Structure formats: C-alpha cells, structure tokens
Amino acid sequence: MRLKEIQRTAHQAWSPAGHHPVYLALGTAAQQLDASFNTTAAIEIFEMDFSDPSLDMQLKGSLPTANRLHSIVWVNFGMGADGTGGRLVGGSENGTLTVYNPDAIINSIGEAVVGQSDKHTGPVRALDFNPYQSNLLASGANDSEIYIWDLNNFSSPMTPGAKTQPAEDISVVSWNRQVQHILASANPSGKAVVWDLRKNEPIIKISDHSNRMHCSGMLWHPDVATQLVLASEDDRLPVIQMWDLRFATSPLKVLENHTRGILSISWSQADSELLLSSAKDNRILCWNPNTGEVIYELPTTNQWCFDVQWCPRNPALLSTASFDGRITVYSVMGGSLKAQQQSTAERISSSFDTMDPFGTGQVLPPLQVPQPQVQDTIVPPLKKPPKWVRRPVGASFAFGGKLITFENPKLPPVQSPQPIPRQVFVSQVTTETEFLQRSRELQAALQSGSFNSYCQAKIQSAKSDAEQDIWKFLLVNFEDEARIKFLRLLGFSKDELERKISKCLGKNFQPNGHGVDAKDLAEKMQQLSTERSDEAAASADARTSGSVSPADFFSQTPKDHSNFQIPVSCDTDGLISQALLVGNFEGAVELCLNDGRYAEAILLSISGGEELLKKTQQKYLSKQKNSISMLISSVVTQNWKDIVQSCELDNWKEALAALLTYAHPEDFARLCDTLGSRLEHEGTEKRCLQACLCYICSGNIEKLVECWALHRDCTSPLGLEDLVEKVMMLRKSIERLRNCEVAIQSPVLAEKLSCYAGILAAEGSLSTALTYLPENSDQPFQPQSPSTAGPQVFPPPGPSMPAANLSGPQLPPSSSTHGGLPPMPSPGVPPTCFMPSTSSGLVPSSSQPGAPVPMYPGGLHNPGPTPPSVPYAPLGSGYPQGGPGAPAVKPFPAPVLNSFRELSTFLVPDNYTPPAPITAPVMGFPVEAAQPHDHTQVPPGAPQEPSVQLLQQLPAERVEQKEIPAEHMVLKSTFDSLVQRCQLAAGDPQTKRKLDDAAKRLGHLYDKLREQSLSHNILSGLHEISHCVASQNYQRGLEVHTQVVSSSNFSEISAFMPILKVVMTIANKLGV
C-alpha cells in the first residue's frame, strides 16, 4: 500500500533503526536527467509523518552539493543519546566520498560536511557500513578499488587485499551480517569475491558458469553466515541466485519470476523470509527465499525502479526510487485507501479561489465542488505474517482453567531452512485451592451418601456459633426423630423440663423414663392400701350390726364433710344454683365468668357440651392478658398464625418450638416461612441467620438461597462454596425423605449454581461442573408457570407436603450412608417421580384437644385450601420419624420419566395433526368418575397417578411415510450402524450427546431420500462415503465429504452433511 510519495530523481537512505523520528535522506542521482536538463544536486532530508493521510513528505533540511551521487548510506556512527544524528555518506560520480552531519543539514547550524576524500579514481557505486562496528565503512569504485574507511580517521583508508585481476568495476560491496570481519564484493560480470579482513586476502570467489550473470546486487543472508544472494541485470537471465559458501560449485536456489533484468534487491533485517526485488519488467516482488515463492507484489507504475530499500526502524515500510522521478514509500501490511482518496478530493476543492479570480470586483459565491463517492479500497497485506508481528512468546487462558503457552526459540540456522515444529504447552492453572478442596469433599459426600459424617466435619470446622448451628440443623435432617432433635437444638429438652418441674414442686426427680419419683409413688401406694383396709373393716362392722341397709348407702356422707346448703337467693350464688338445678349451663357459666369464677366456668362448660366449652375458652382467653395467655390461646385453639406473626422476634426459638410440637403438617412449612420472613425483614445479619434456620426446618431451599445470598457475600468462590454446600445438603435431606429428586425452582439458585459451575470449570473440574448444570442445554433453566406452559406431562409445582397419615405405617429408620439413595440430580431437571398420595387415617375418638400432633415439616409454600382443624393425638409418648419434606407413608410405585430423553418419546412428528385442544388440566377428573383405590386420599394440588395414562390415551393420528428407494437403503443401514457402533464405544457424556443428536439429524437425510429430492452429484458422493465407512477408511470419507460440500448447494445438504462429518470424525477417533 502506498503511503508517501514525492517527485525526486535521487538515491535514498533511511535513518538508522535507533533514530527517531523516521527520516529519509535523498541524494540527487547521477547519470539521470529530467525534461529541464537540470544539473543541480542536493541532499534533502524528509520526515515520515504517517498521522497525515496525504502522500506528501515534510522536508526537514536541504544541502546543495557539487556532485550528483551514485550511492548514499546513513550510518549510526556518532548518534546522540536522544536517538538523533549519525552520519550520511555519499559516493559521487567523480570519485569523491563525502561525510555529512544530518543534524547540521536539518537545523542549518554548523558545518554539514565533516569529512571528504577523493581516493577513488572513478564513480563510487558501492557503499556499506559494518553492522557491528559502525565506524567502519566499505566503498567500491572502478578498477577493482575497494577501501575500508574508519570514520574516526577518515584520511587514511585501508584495502581488504590486492586488487582482483582483471580489473573491473565494483558494483556492490556488502558486510557479512553474522561475522564482522567478512566482506563481499561483486562485479558486473557476475563474479563475487569474499574477503577476510583479518588476513587481508580473498578467501573464495563465486561465479556463474553460464557467463550471462550481470550482477546488479549482492546481499548476505541476515541469519545464515555462509549464504548470500546475487541478482542478475541481464534480460537473458533475470534471476536471483542464492549461494552457500559451503557448496560454492553451483547456486543453492534460483528465484525465477521476473521477465527482465533485476535492478535492485533488499533483504529485510527483521525477517529473513522477506526479500525485495525490482526489475525492468516494472514489477516489485517480495520473495520468501526459503521456498522461492512470491508472497507479495507491490502495485507500481509503468516505470523501472532502480532502488528499493527496507526501513530499518519500521520493518513494514519500504521505499522505491524510479526512473520517472518518484520516491515512493509503501507498506507491506496493506490497509485502506479511503483517507488518501478523501484528502485528494479536499485538496482539489481548496485549490479554487473564491476571491475575485477574474478581477471584476465581485466575489464569486462559494464553489460547490461535487463530492465524488469515495470508495473504500482495501489493499491486501502479505500472504504470510512477517516475523515482527509474530509473538516471540505468548500465553492465553482457555476454558477449563487451561493455560496455553508457546515460544519461538531461535534455533541455529541450517543449510536449507525447513518449517520449524512449534511446541504449544497446555497446563492446568488452579488459583482457588481451598475452593477446589472443599468442592471435592462435597462431591465425595454427594456420591458416597455419607451426609452425616460430612455435616459432622463441617460442625467441627465451623468458625462461628451461627455457622455451627446451621450445620447442626442440617445434620438433624438426616437423623431419626428429627423433631425432638430440632427442639433440643432450640434448647427445649423434655427430661430437663420435667426435672425443673419436679424441683419447682418440691419433689425428687428420678429419671425412669416417665418422670415419676419411685419412692414417692411407693409411699402413696402404702398409704392408699391402709386407708382402704380401714374402710373395709368399718363396712363389715356396719353390715354385721345391721344398722345400715344397702338403700341407705348413697345417703351417707363422708365423716369429714358437714351438711351443706343449696342457696336459692337472688345473689350470684343463688342464681348459679338455680341455673344448675334447671340445667341452664350456659347461664351458669355466664354468671361465673361475670363474677370472675373462671375455674367454675370452665368446669361447668365441660358438662355443657363442646360448643359451650369453646365459647367459654374464648371468653376466658380474651380476658387474660398475662405473658402466657397468647401461648395458651394458641395451644387451645390451634391458631399458630398469631404466634408467628405477633410474637417478639427475640422469642423466635419459642415460636419455632411451638410449631415443631403442635403445627399441622400442611401448615408447618408456611408458618415456618412466615416466621423466617419476619426475621429476614429485620435486616440484621443475626436475624438473617435465624431466618435460615427456619427455612431449613421448613425445607424451603429457595428462601434459604435468597436469604443467604442477600446478606452474605456469594461473589467470591469460597462464599459461593458455603452456599452450595448448605443447599446441596438440604436438598439431599429432602430427597432422602421424599424418595425422589427435588427440582430447582428458584432463578436465584439457578444463577448461583451456574456461577458455581463456571468457577469449577475455570479451575479444571469440568466433570464436577457438569453435574450442577442442566442435562439438556436446549431446555431453559427456568421453571414455567402453569398458565403459560400448556398441557404438561409433569404437574405444576403444588403443595410438596401431603397430609400426614396418623395411623398408617411410618418410614423405617434408615442410615444416611446406605447405598440405596437416589443419585445426585442435575439442577434444573424436573422431578423424576410423582408425589405419593397418602391415606387419610381416622382419628381416635378419645383424642384430647390441644395435644401435640405428629409433624413432617414439608416444602408446602403455596398450600391449597386447609381442611378444618381436628384434634390429633400423639402416637405414644415419642415422635414419629421424619424431617423436612418427609411424606407420611412410603411412596407407591408410579410411572416415572427419568430424563428429557424419555419425555421425547411422547413427542410427535412435524407433520402430526394435533387433536382438539385440551381446555382443562390433564390432572383434573370429574367427581363422579373418581374411583377409590386403596382408600388413599390426594391432598389439594398434589399430582395424581393416572396422569401419564391419560396422556397416553390421547388420540393419535397415524402418519404413513414413504419407503426409502431400494438402491439407497444401504445408506441408511451403513450410517445407522456407524452411529450405533460409536454409541457403544463412546465413554464421555459429551460424545454421547453428539451421537444422540446425530441419530435424529440423519432423519433429515432419510426424508430427502424418500422424497428423492437430492441431486445425482450428492447421491453419488453419499454412496462413496458409505463405501468408505463400510471399509473404515474415514480419512477418505472425510475427503469425499469435503468435495461434496464444496460442489453442492449448501442449503440442500446443511441439514445432514455437517452431522455426518461429526460422526465420521468421532468414529475415526474411537477406531470403531
């Protein structure tokens, strides 16, 4: 791409690599004239300002000279510390060698000429400076003259040795780029001589046996010390020869692409694979000398370029000098010409003057120059990336915590450079060692089922009391008699309480399992026996004397009781007596309550019936305002909503204990969540931890996650690990008690699990990360609402806690370490079992109101209608088994769908005509159609067993498909057999998923075969691929696949050809 250009007929020299900014020195060229026959000469220095999009160069300084130049070089000798200066050396046509100070030319200060010599007798056509000692300069002229100049002592040069015979012009001299005392010179006749300055003699001579080599340029290889190139100016032999001094009998390589003689060559010092050449065929080519390939051609005009030069500082730049008087700067990296084209248009517009150009005294209106449509022309770069843009070393982090590193070591050059094998190192980087260790421990516990020991270990290592409490509550979920242990954790022990009561009553408490003092009981029994014996003796005496008849037995009163009077006055006592005498219990109770006789009122209301008892209790409780009245009211009326909504938050333990003891199973989870929400709303960290304990008791995973994430840092890996550990343990405990998987319903939890899986993947634990992600990535990781999901195979989430069966069989005690636990589910997958129905056992009539009820804390977050409250009796003196989310009975067998893959069996083809839409839920049945089975009762909102049967009974329409033509059946059998073999041999889940997808997508191919819509070219290619698959020649099959894809309409084959390539690639990898 052309960057800068100026009209000059000159030789050129770039400023050294250390010089900044980049300058280009031009010396008027000898033996060239322009149309004006101007014979003046000058040295000009231009600055390269690439921020200016125009092609103009900025002139920094100029110095007229007496002679025109044949050669010019810019040496870094004498450069200042600021990276400026150096020396310009020019060889003139009369043999004068002049040294200039470029700073003096630029600043016009001081003497610009710092040295001059006329030792040469003819034009000085060859100049080069030593890359290792910048003060050494070599020059060549007529009569085989070669001088070595020391810029520190310019007056007395030295010669490399005796002149070669016969005497010839020296067209080029060049210092070796690896060995500082080796110099080479070349003659126009094609001979090259290599000099050793330590011996002051030539050590080897190179010449072309064809005698047609007219040498116009010679350069040493930048990296290989024994290799050099010679360029031929002869139109009969327009080649570049690469020679190796170790095999100097013939050229090592010949670069042939020019059609006429080569005028100039330049070898990039930044990349030895870039060699420039300009020739009389008006072409400038960039070669890769190692391969002989032309990798770039510069767009030039129809003029010869007699000089090309790489820029030492910016290796992407080069300059050319042509015989039409143009100095042009190019870039081999390509680019856009839009800015240059826009600049040219603006320059044309500004060249017209609107200020009275015709002298009429009138100013013309502003010139409206039509703006041409600027087309963005893109100039392509080199075919291969040059070395200066290649990274010497590199590192990149990849998915899975992999660190990819590489380096390009500098290997010793060889005779014929071949492509060097590059090594890429893949290493695993782990930055969160503690996180990984804890994740491995969690995964081991989840896989082995050792939840108890895991929770015990977390309790031991807990750093705070609050953390320890949470893990104790989680541990209880895996143990038997969970409710008793929850109460103990809250600080309520039955034995301790009975001990305190006995102490308060002044009795000695002996723990015998029932809280009875054995000694006190023995004394009472002895006293009772004595009293009964005395009474028996008195009765015998009476019967013997005959003074008392059996009819008079009931008229006798105890000796310690005196006669009493039944009042019938008009005061309170009299009215109560009259009410009792006529059986008006309600009036008697009202009078007792009005007189403050609450005990008598309660006793009388018991005799007056259940309804009167309830009214009396309500009136009594409404008048009592002491500290325990609300608790007594809730126990009597079974109204726990007021407790959780109105109690002081400091009494949250007492409220939770009451719920654990009395709350109905269907209400327990909702009441626990209400209490937890009150605690969470307080906003303090302490209250939030207490709320988490309530959510653990209720089995509400979603609320636990939201509360924890709101008040704890879950952005760090360790903070996220804390949350996931607790969630997975709570989830496992609920799955253990329900005997089925628990689906992820919370978007917050889904997000946290996704982040957790991402961190695991970044740390290299890919297999573990996959267990926390959805099994099918096509399914959205978000629960659907029943109103938008349509008919479902799985019911929408309803009450997750069925009604308790008080008389049915209890769950057997089970250890958390047995091997029968269900495997760990993947988050986001719907539950793979149906919630069991439960039997509605009858309540014994002897139940007393207010007695504790057996309770299984369930995940009932949105319960349906609550059945009327009925009294429940505890089962014996202990508590039944169970914990958060436990069902009341063992789940009966029900149809299950283990994954979305099994769900796909219910899907219908694309051309299936659906039946009439279902306007009622699939789970709904008419009342008259309900048939009792096993006297089970389904709680409101719970899924019912016959749902899958109903779905299977939906009318289906038979879809008939055409047969695949017989000549193409071999394709189906071959490809299906290949997929089956790969499925049997595949080990990792990712490959199996690809093969499952392949089996489905190959159906598109079979459909097209049935429709006979594929072209002959595709069919023949598929049959050839089938033959390759049958012979297990998968490499050939992939080649044929590429040919078919490249020669066919992609829209016709896009449905099946990509997956066919995937299957063959997998088969080749598995070797099936």
Hey, can you grab everything whose amide H is under 5 Å from the amide H of VAL114? Only 5+ residues off in sequence or another chain; H modelled, so Pro and N-termini drop out. VAL99, TYR100, ASN101
Normalized C-alpha radius of gyration of the stretch 966-1070, against 2.2 N^0.38 Å? 1.00
Between ASP196 and THR291, Cβ-based FRET efficiency (R0 22 Å, step 0.05) works out to 0.10
For PRO222, what is the net charge nearby, where nearby means another residue's Cβ is under 12 Å from its Cβ and Lys, Arg count +1, Asp, Glu -1? -1
Taking a cut-off of 26 Å between Cα atoms, list the lysines near LYS119, but don't count ones fewer than 8 places away on the same chain. LYS163, LYS191, LYS199, LYS205
From phi via Karplus (6.51, -1.76, 1.60), per-residue ³J(HN,Hα) for the stretch 86-91 in Hz, x at Gly/Pro: x, 9, 9, 10, x, x
Can you give the local net charge around THR405? Use residues other than it whose beta-carbon is closer than 14 angstrom to its beta-carbon, Lys and Arg +1, Asp and Glu -1. +2
In nm, to one decimal, how far is the modelled label at LEU505 from the one at PHE564, with both set 7 Å along Cα→Cβ? 2.5
Would you mind telling me the share, in percent, of accessible area of the stretch 727-775 contributed by carbon and sulfur at probe 1.4 angstrom? 58
Nearest-10 value in Å² for the accessible area of GLU47, using the 1.4 Å probe: 40
So if we plug the beta-carbon distance of LYS163 and VAL389 into 1/(1 + (r/R0)^6) with R0 = 41 Å, what FRET efficiency do we get, rounded to 0.05? 0.35
Looking at the stretch 216-320 only, what percent of DSSP beta bridges run antiparallel? Nearest 5 please. 100
How big is the accessible area of LYS383 in square angstrom, nearest 10, if you roll a 1.4 angstrom probe over the protein chains? 150
Run the dipole for the stretch 966-1070 about the Cα centre, Lys and Arg Cβ at +1, Asp and Glu Cβ at -1, nothing else charged, and hand back the magnitude in debye, nearest 20. 300
Expressed as a whole percentage, what fraction of the accessible surface of the stretch 46-155 belongs to carbon and sulfur atoms when a 1.4 Å probe is rolled over the protein heavy atoms? 43
So what are the ³J(HN,Hα) numbers for the stretch 249-263, from phi and the Karplus equation (6.51, -1.76, 1.60; θ = phi - 60°), rounded to whole Hz, Gly and Pro as x? 6, 7, x, 6, 7, 10, 9, 10, 7, 6, 9, 9, x, 8, 9
How much length, in nm to one decimal, is gained on full extension between SER622 and LEU581, taken as 0.36 nm per residue of separation minus their Cα-Cα distance? 11.9 nm
Using the Karplus equation 6.51 cos²θ - 1.76 cosθ + 1.60 (θ = phi - 60°), what ³J(HN,Hα) coupling, rounded to whole Hz, does each residue of the stretch 593-605 give in order, writing x for Gly and Pro? 5, 5, 8, x, 8, 5, 5, 4, 4, 5, 4, 5, 5
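Let me check I've understood the local charge: for LEU436, count other residues with C-beta under 14 angstrom from its C-beta, Lys and Arg +1, Asp and Glu -1. What total comes out?
-4
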Rounded to a whole number, what % of the accessible area of the stretch 962-1072 do carbon and sulfur atoms account for, probe 1.4 Å? 51
Pairs beyond 30 Å (Cα-Cα), from LYS962/LYS1061; LYS703/LYS994; LYS615/LYS641; LYS4/LYS384: LYS703/LYS994
Theoretical gain in end-to-end length, ASP713 to ILE204 [0.36 nm per residue, Cα-Cα removed]: 175.5 nm
Spelling it out for ASP169: with amide H atoms placed in the peptide plane at 1.01 Å from N, the residues 5 or more places away or on another chain with amide H under 5 Å from its amide H are ASP143, SER144
Just reorder THR661, THR1042 by solvent-accessible area, largest first, 1.4 Å probe, all chains present. THR1042, THR661
Evaluate 2.2 N^0.38 Å with N set to the residue count of the stretch 1028-1072, then give the Cα radius of gyration divided by it. 1.15
What's the extension gain from HIS1016 to ARG440 if we count 0.36 nm per residue and subtract their Cα-Cα distance? 201.7 nm
Skip the ligands, DNA and RNA, and give the accessible area per residue of the stretch 966-1070 with a 1.4 Å probe, whole Å². 52
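The values are calculated or read from the model by the stated rules, or taken from the named source; none is laboratory data. Note that the structure is a prediction, hence the values are computed from the model and not measured. FYI the Cβ positions are ideal-geometry reconstructions off the backbone, even for glycines, and counts take in every protein chain you see. In case anyone asks, the SASA skips ligands and DNA or RNA and just uses the protein heavy atoms, side chains included. Shrake-Rupley method; radii C 1.70, N 1.55, O 1.52, S 1.80 Å.
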